[in-house]
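Have a look at the structure that comes next, please.
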Amino acid sequence: MSIVRRVLILAAVSISGIALLAPLAARSAIEVPVASTDRLLPATPTRDAIVDRGGLLAVRSLTSSAPTSTGSESLSSVPMPTPASAPMQATLQPVATPRPVAPPAPAAPAPVASYDGGTVWDQLAQCESGGNWAINTGNGYYGGLQFSYGTWLGYGGGEFAEYAHLATREQQIIVAERLHAARGFAPWPACSAKLGLS
């Protein structure tokens, strides 16, 4: 029974709402004349006017003062004007550029430090490296007496240079004498045998 009651209440509200809105709907249907005083173009021009219609240009003939009976304009296509070509000239502006830097001089070839002395170290260096105290052939041994990197540093060569080939003859001999005191001529087996050193 409650459903029937709800339906009857909704029907009564709907009918009363329609009765209230009917006069408003009837009033909005009446046509009201609108007086327009604004005009886009003057009423009596004597020449044609160019009218922009959304990016398109058209010519409207404005010779008659009365608009056409349909209230429309007659438009004819007019080519778009092209902008005048302006002569273009290049403008050069000086820009400061850094002076070119001379490339570094190529590395000088390894100096040949030889000594024709008669010490045992000179004879050993002659056998090991051809007497070149500054030799680095890339075989892992350096200098005239062909020290390995570990041996060179282990016997105090680092106090003179990082690698033996960068040290002087005298500095290499100092490290060789330290090595000889600890191990004899064993670090130079082939050349010590060839020279008869023990």
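The values are calculated or read from the model by the stated rules, or taken from the named source; none is laboratory data. What you are looking at is a predicted structure, and each value in this text was computed from that prediction instead of being measured. Counting neighbours? That spans all protein chains shown, and the Cβs are built from the backbone with ideal geometry, glycine included.
Scan segment 161-184 and tell me whether some residue there is in the same structural domain as C127 (by TED's automatic domain parsing), part of a loop (DSSP other than H, G, I, E, B) and more than 55 Å from the chain's Cα centre (by Cα).
yes
Does segment 174-189 contain any residue that is β-branched (V, I, T) and under 18 Å from G140 (Cα atoms)?
yes
Which condition number does N132 fail, the rest of (1) of a type in the set (S, T, N, Q); (2) in the same structural domain as C191 (by TED's automatic domain parsing); (3) modelled with pLDDT under 75 being met?
(3)
Every residue in segment 118-145 that is closer than 18 Å to S198 by Cα and not in a helix (DSSP H, G or I), please.
Result: G118, T119, L145.
Also: Please specify each residue of segment 147-160 satisfying the condition of being surrounded by fewer than 17 Cβ atoms within 10 Å (Cβ to Cβ), assigned to a helix (DSSP H, G or I) and in contact (Cβ under 8 Å) with a residue 12 or more places away in the chain.
Y149
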